[in-house]
1. Which percent of the accessible area of the stretch 38-98 is formed by carbon and sulfur heavy atoms (probe 1.4 angstrom)?
2. Note down the accessible area of Asp147, probe 1.4 Å, to the nearest 10 Å².
3. Spelling out what I want: for every residue of the stretch 82-96, take phi, set θ = phi - 60°, compute 6.51 cos²θ - 1.76 cosθ + 1.60 (Karplus), and round to whole Hz; glycine and proline get x.
4. Relative to the present Cα-Cα distance, how much length would full extension add between Asp53 and Val27 at 0.36 nm per residue of separation?
5. Please give, to one decimal in nm, the separation of the simple spin-label points placed at Asp80 and Asp102, each 7 Å out from Cα toward the Cβ.
Amino acid sequence: MIYTSCKDFMSKIPQKKRVLAIDWGSVRIGIAVSDYDMVMALPRAQIEAKNQDRAIDTILTMISENNIGGIVIGDPKNMDGSIGETAGKVRGFADKLLAQFDFPIFFMDERLTSKAAESRLLGELNLSRARRRETTDQMSATILLNDFLDQAKRTCL
């Protein structure tokens, strides 16, 4: 089920479960997972998005292997807050995921997370262009999940 309220979403996460974050892209999907205390996000994987069925199978495996209780998906709104073409594709992906497994899902505004990840990978870590391409999406998912966890501490718990 998709929740629009952070508080309602968090109330559906069982104790001792973690949250998985998805930064969806048409080429790659970044994945991050929270710790059990819901304090920090850890980068987990970057998977190919070309075959959505395979990507969903991979995510479902990660859900079961990582004791996941809910999913935060990056909501790629336009800079003016409107919903664009990419956001529609993300919602379609979420619908396919829900068709396989009914799970609490929360959409989190992800504007500029990819730019923040790219900047961090270039500036702080000084990674090559090829290595940045390999890790940008999972870093974006990590930033997205950290932002969500911070928001949850302030307003949802």
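The values are calculated or read from the model by the stated rules, or taken from the named source; none is laboratory data. Predicted model only: the values in this text are computed from it and were never measured. Virtual Cβ from ideal backbone geometry, glycine too; neighbours counted across all protein chains shown. Heads up: the accessible areas ignore ligands, DNA and RNA and are worked out on the full protein's heavy atoms, side chains in. Shrake-Rupley method; radii C 1.70, N 1.55, O 1.52, S 1.80 Å.
1. Its accessible area is 49 percent carbon and sulfur atoms.
2. Accessible area of Asp147: about 70 Å².
3. For the stretch 82-96, the Karplus curve yields 6, 9, x, 4, 5, 4, x, 5, 5, 5, x, 5, 4, 4, 5 Hz.
4. Full extension from Asp53 to Val27 adds 8.0 nm.
5. With each label placed 7 Å out from Cα toward Cβ, I get 3.9 nm.
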